1. How many residues, within the stretch 316-349, are over 19 Å from residue 184 (Cα atoms) and in a helix (DSSP H, G or I)?
2. Among (1) closer than 21 Å to residue 279 by Cβ; (2) touching a Lys or Arg at 6+ places or on another chain (Cβ under 8 Å), which single condition is residue 179 missing?
3. Any idea which of 76, 3, 82, 58 is charged (D, E, K, R) and modelled with pLDDT under 50?
4. Looking only at the stretch 245-262, which residues are closer than 17 Å to residue 84 by Cβ and in contact with an Asp or Glu (Cβ under 7 Å, 6 or more places away or on another chain)?
5. Can you find even one residue in the stretch 197-212 that is under 21 Å from the mean Cα position of the chain (by Cα), acidic (Asp, Glu) and surrounded by 15 or more Cβ atoms within 10 Å (Cβ to Cβ)?
6. Looking at residue 64, is it buried (at least 16 other Cβ atoms within 10 Å of the Cβ) and either at pLDDT below 50 or over 27 Å from the mean Cα position of the chain (by Cα) (or both)?
7. With a cut-off of at least 3 residues that are in contact with a Phe, Trp or Tyr (Cβ under 8 Å, 6 or more places away or on another chain) and of a type in the set (Gly, Ala, Ser), name the helices (runs of 4 or more DSSP H) lying wholly within the stretch 111-218.
8. Anything in the stretch 345-368 that is under 26 Å from residue 69 (Cα atoms) and modelled with pLDDT under 95? List them, or say none.
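The values are calculated or read from the model by the stated rules, or taken from the named source; none is laboratory data. Note that this is a predicted model, so its numbers are computed, not measured. Please note: Cβ atoms are built from the backbone with ideal geometry, for glycine as well, and neighbour counts cover all protein chains shown.
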Amino acid sequence: MKRRTLIKSLATGISSLYLSKLYGHSLLRSNPTPGIADGPFKPDWGSLAAYQVPDWFRDAKFGIWAHWGPQCQPERGDWYARGMYQEGSDQYKYHIQKYGHPSKFGFKDVINEWKAENWNPSELLGLYKRAGAKYFMALANHHDNFDLYDSKYQSWNATKLGPKKDLVGGWAKAAREHDLTFGVTVHASHPWTWYEVAQRSDKTGPYAGVPYDGKLTKADGAGKWWNGYDPQELYAQNHALSEDSLNDGSMSRHWDWGNGASVPSKAYCDKFLNRTIELIDKYGPELIYFDDSVLPLWPVSDAGLKIAAHMYNTSIKKHGKLQAALFAKMLDEQQRKCMIWDIERGQSNQIEPLPWQTDTCIGGWHYDRRLFDNKGYKSAKTVIHTLVDVVSKNGNLLLNIPVRGDGTIDSEERAIVEGVAAWMQINSEAIYGTRPWKVFGEGPAMESAVPINEQGFNEGKGKPFTADDIRFTTKGQTLYVIAMGWPGEKGSLIKSLATSSPQLKGKKITGVSILGYNDKLNWQQNADGLKVQMPAQQPGKNALVFKIEGAV
């Protein structure tokens, strides 16, 4: 979500006094929390700047994500728990047809429908391990505010309602069975403003003026299936609306708690802090991703700073050194020293000096049945090209495979994952443990590269990759040259490896081979580049990897 330029420039080291003038209140400092781990990291920007990205993460390159929660139950796409309250929207119309009017059947009731009856985390993670993932991340909660783990701070959680299973615990166990580093993604700082749509009512039709269920109280549950549970624990709507809240597009303006956003209460911020510390302590994730500008609740609360310090200090106590990977979005140069910069659905257009990550998806973030029916997923080829491009620029790829409400993935998704697995089986040495070369690549797609905005979202907006598009990675004295297609009879000309190339500085190529092909190749290095003649038979699909000796 877009954040204000002013906050971007002042976030690092910003003072409580300035924020008081800007927001009309003081910085919401959470109560001292006994559970915050002691250690070298303190909850301030100066201390967090000592963070160093662990080598295991830099070497891993590829992770898979299950962005799975109750919003997948309707199988109608992302942000369902918001869209169902937006009169006239696709999800609103679908909800009325499937469940009834949101004044009578709200998102709390969708949660009750969700059972995850066919979930087999070990089978899925075995598939993801074969596909080459080195780490796995599970949704711990989303903007819908439903915790997918056993939380003593949030009654609305998956062990008590819906599936009545500890989903994060199940994912964590399966990840460790398959030797995948385990992480969680946390999105629950936003319900305060995100759920404001649940305070609305229809403007037209037979239910005009009848409030949706966003303001219900615990007392309203008498005789209902949710008797004893307080809907305000879930919806968090016992507050006045943000400015421009009735504009469906206003959420992007309010994402960083600016532009007239209703500011969350101290109790709300403290609860988020406690839930997240509990999540870290109970399940031991090595990675944690925040769907936030900078850190959760920043700049109106220091909760995110405390969580970051706790995560880092906990990791040091556990391993004897810092092994944690923490991600957030829309970071300035100074903040990128404190955590790993995550770009949503997009890629950098340069080799970044610090490791970073792209998070993306083969479809929508939450499962959408229409993408399966209409064959709308990204192909294995697109996933492979994204991985190669990101790795060449010092990044990692986190890929979401949407999970159905019942806990399974569909046949199209499975085929895509298997396609990635087939390529990685041959070519993974050009990915794992590599580092960028002197340039990340060459080819026509670079000429049409689209700049990223503050959050990302430049994915798929440039020219499609062809065999003339090249990316480079290195490992030790080996250079890997990855062509984004099969060059065919014309062969491949790698211009960056010309005898006069400034990258080579007079070095001469001593060996050229293709991963997955064991016979000798015909090749020649001259002033135009390295020209490689292709074998008669293609050793694999989607991208071709040359292994070059003498260039590094």
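1. So the answer is 4.
2. All conditions pass for residue 179, except number (1).
3. On the way: 76 fails: modelled with pLDDT under 50; 82 fails: modelled with pLDDT under 50; 58 fails: modelled with pLDDT under 50.
It is 3.
4. 245
5. Narrowing the stretch 197-212 to residues under 21 Å from the mean Cα position of the chain (by Cα): none.
Checked against the condition, which is being under 21 Å from the mean Cα position of the chain (by Cα), acidic (Asp, Glu) and surrounded by 15 or more Cβ atoms within 10 Å (Cβ to Cβ), the stretch 197-212 yields no hits at all.
6. Values: buried (at least 16 other Cβ atoms within 10 Å of the Cβ): yes; either at pLDDT below 50 or over 27 Å from the mean Cα position of the chain (by Cα) (or both): no.
Answer is no for this residue.
7. Working: elements: 121-130, 167-177, 191-194.
Per the criteria, 167-177.
8. Those that are under 26 Å from residue 69 (Cα atoms) and modelled with pLDDT under 95: 345, 346.
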